[in-house]
1. Can you name the number of the only condition in (1) in a helix (DSSP H, G or I); (2) touching a His at 6+ places or on another chain (Cβ under 9 Å) that Met82 fails?
2. For the stretch 65-75, state whether one or more residues are touching a strand residue (DSSP E or B) at 6+ places or on another chain (Cβ under 9 Å), in a helix (DSSP H, G or I) and polar (S, T, N, Q).
3. Can you tell me which residues in the stretch 71-109 are surrounded by 11 or more Cβ atoms within 10 Å (Cβ to Cβ), at pLDDT below 80 and either within 14 Å of the chain's Cα centre (by Cα) or closer than 16 Å to Tyr49 by Cβ (or both)?
4. Just to be sure, is Gln62 at pLDDT 85 or above and surrounded by 12 or more Cβ atoms within 10 Å (Cβ to Cβ)?
5. Would you mind telling me which numbered condition in (1) surrounded by 10 or more Cβ atoms within 10 Å (Cβ to Cβ); (2) closer than 30 Å to Val13 by Cβ Ala127 fails?
6. Identify all residues within the stretch 21-52 that are more than 14 Å from the chain's Cα centre (by Cα), assigned to a strand (DSSP E or B) and not hydroxyl-bearing (Ser, Thr, Tyr); write none if there are none.
7. Testing Thr40 on (1) closer than 20 Å to Ile113 by Cβ; (2) among the hydroxyl-bearing types (Ser, Thr, Tyr); (3) surrounded by fewer than 10 Cβ atoms within 10 Å (Cβ to Cβ), one condition comes back false. Which one is that?
8. For the structure I just gave you, tell me whether Ile117 is among the aliphatic types (A, V, I, L, M) and in a helix (DSSP H, G or I).
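The values are calculated or read from the model by the stated rules, or taken from the named source; none is laboratory data. Everything numeric in this text was worked out from a predicted model, so none of it was measured. Cβ coordinates were reconstructed from backbone atoms using ideal geometry, including for glycine residues, and neighbour counts include every protein chain displayed.
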Amino acid sequence: MPLYPPSHVLIEVGVAHAGNGGANAPADVRASSIVVDFITPESDTSIWYFWGMARNFKPEDQALTDKIREGQGKIFEEDLEMLEAQQRNLLRYPDRQLLKLNIDGGGVQARRIIDRILTEELAEEQATQAKETPA
């Protein structure tokens with residue numbers, strides 16, 4: 001089976017003082033950042049996950065940078081055990097339908113797209129093999 005293609009997500013997050021226009025607030029009353037997530041396959045059952053953040057507040061503050069990095073690291077470590085358990089279950093029960101919650105809408109849609117691409121690739125491979133196999 002082919003590996004899932006690499007994917008990435010850019011998320012803009014921010015806050016502003018009330019009454020200043022939210023996302024359109026002047027820079028002196030808001031703080032924002034762009035979070036980047038890059039996921040790329042390592043094997044059929046594992047991935048590499050890269051995370052980063054660019055912020056427009058206190059970029060020179062190394063202690064803040066370290067605190068953010070440490071906090072995010074703890075969050076990812078908490079998720080790791082559950083993600084590994086989910087992978088084991090997917091391998092143990094490959095035909096089992098996953099529970100799809102409203103909060104998972106983006107992931108569900110992404111899985112549908114990936115499954116469609118994989119199905120199309122498999123059909124193309126089978127068609128090519130059929131053409132190359134003598135009758």
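1. (2)
2. Yes; the residues of the stretch 65-75 include at least one that is touching a strand residue (DSSP E or B) at 6+ places or on another chain (Cβ under 9 Å), in a helix (DSSP H, G or I) and polar (S, T, N, Q).
3. Once the filter is applied, which keeps residues that are surrounded by 11 or more Cβ atoms within 10 Å (Cβ to Cβ), at pLDDT below 80 and either within 14 Å of the chain's Cα centre (by Cα) or closer than 16 Å to Tyr49 by Cβ (or both), the stretch 71-109 yields Asp104, Gly107, Val108.
4. So Gln62 does not fit the description; no.
5. With respect to (1) surrounded by 10 or more Cβ atoms within 10 Å (Cβ to Cβ); (2) closer than 30 Å to Val13 by Cβ, Ala127 is out only on (2).
6. Arg30, Ala31, Ile34, Glu42, listed by residue number.
7. Against the list (1) closer than 20 Å to Ile113 by Cβ; (2) among the hydroxyl-bearing types (Ser, Thr, Tyr); (3) surrounded by fewer than 10 Cβ atoms within 10 Å (Cβ to Cβ), Thr40 comes up short only on (3).
8. Yes.
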